[in-house]
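The values are calculated or read from the model by the stated rules, or taken from the named source; none is laboratory data. The model shown is predicted, which means the values in this text are computed figures rather than measured ones. Neighbour counts run over all protein chains shown; Cβ positions are idealised from the backbone, glycine included.
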Amino acid sequence: MQEENRRIRRVADQIKTEMAWLIDHKLKDPQLGFVTLTRVKLTSDLKLASLYFSILGKDIDKKKSTEILNRASHFLRRELCLKIKMKYIPDLRFFYDDSLEYSEHIQILFKKIHEDENNR
């Protein structure tokens, strides 16, 4: 079981590395914002990869970038086939990762609480 999990993590890391390069160098859509892949989650059978990304910009840019990446998923999967030698390349699905914004929001709240306690 541990060996299987280790393999899934290795494949996910390799997909993340290659996809970051492909998005940066092969996608030519001018509407696509500055995308950073934050993590890749693979199903245990390696048939589906959920790619999470963050982006600088407004909510409209995030939604638009998600649409662009999901529309380009077949192209990116085909390009990934040339980079990674696997029996089966997983289907790709992109999701906006709001965990960074959430973390920033929590930090602001903690700072505000700390300032309120100091002002008392």
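At-a-glance table
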| quantity | calculated |
| --- | --- |
| Output for the range 24-63, where each listed residue is part of a strand (DSSP E or B) and either in contact with a His (Cβ under 9 Å, 6 or more places away or on another chain) or not aliphatic (A, V, I, L, M) (or both) | THR36, THR38, ARG39, LYS41, SER50, TYR52, PHE53, SER54 |
| Considering residues of the range 31-50 that are of a type in the set (S, T, N, Q) and surrounded by 13 or more Cβ atoms within 10 Å (Cβ to Cβ) only, the residue farthest from ASN5 (Cα to Cα) | THR36 |
| Criterion violated by LEU69 - all others in (1) surrounded by fewer than 17 Cβ atoms within 10 Å (Cβ to Cβ); (2) within 26 Å of LYS87 (Cβ to Cβ); (3) touching a Phe, Trp or Tyr at 6+ places or on another chain (Cβ under 8 Å) satisfied | (1) |
| Residue in the range 70-91 that is under 11 Å from the mean Cα position of the chain (by Cα) and at pLDDT 95 or above present | no |
| Checking PHE94 against (1) buried (at least 18 other Cβ atoms within 10 Å of the Cβ); (2) under 17 Å from VAL11 (Cβ atoms); (3) hydrophobic (A, V, I, L, M, F, W, C), the condition it does not meet | (2) |
| So LYS85, is it out of contact with any Gly (no Cβ under 9 Å at 6 or more places or on another chain), part of a loop (DSSP other than H, G, I, E, B) and surrounded by fewer than 14 Cβ atoms within 10 Å (Cβ to Cβ) | yes |
| Every pair of residues 6+ apart whose Cβ atoms lie under 8 Å, when the first sits in the range 64-88 and is under 15 Å from ILE15 (Cβ atoms) while the second is among the polar types (S, T, N, Q) | ILE84/GLN14 |
| Counted residues, the range 18-58 - those being under 18 Å from ARG78 (Cβ atoms) and out of contact with any strand residue (DSSP E or B) (no Cβ under 9 Å at 6 or more places or on another chain) | 8 |
| Scan of the range 7-27 for residues that are surrounded by 15 or more Cβ atoms within 10 Å (Cβ to Cβ) and in contact with a helix residue (DSSP H, G or I) (Cβ under 9 Å, 6 or more places away or on another chain), ordered by number | GLN14, ILE15, GLU18, MET19, LEU22, ILE23, LEU27 |
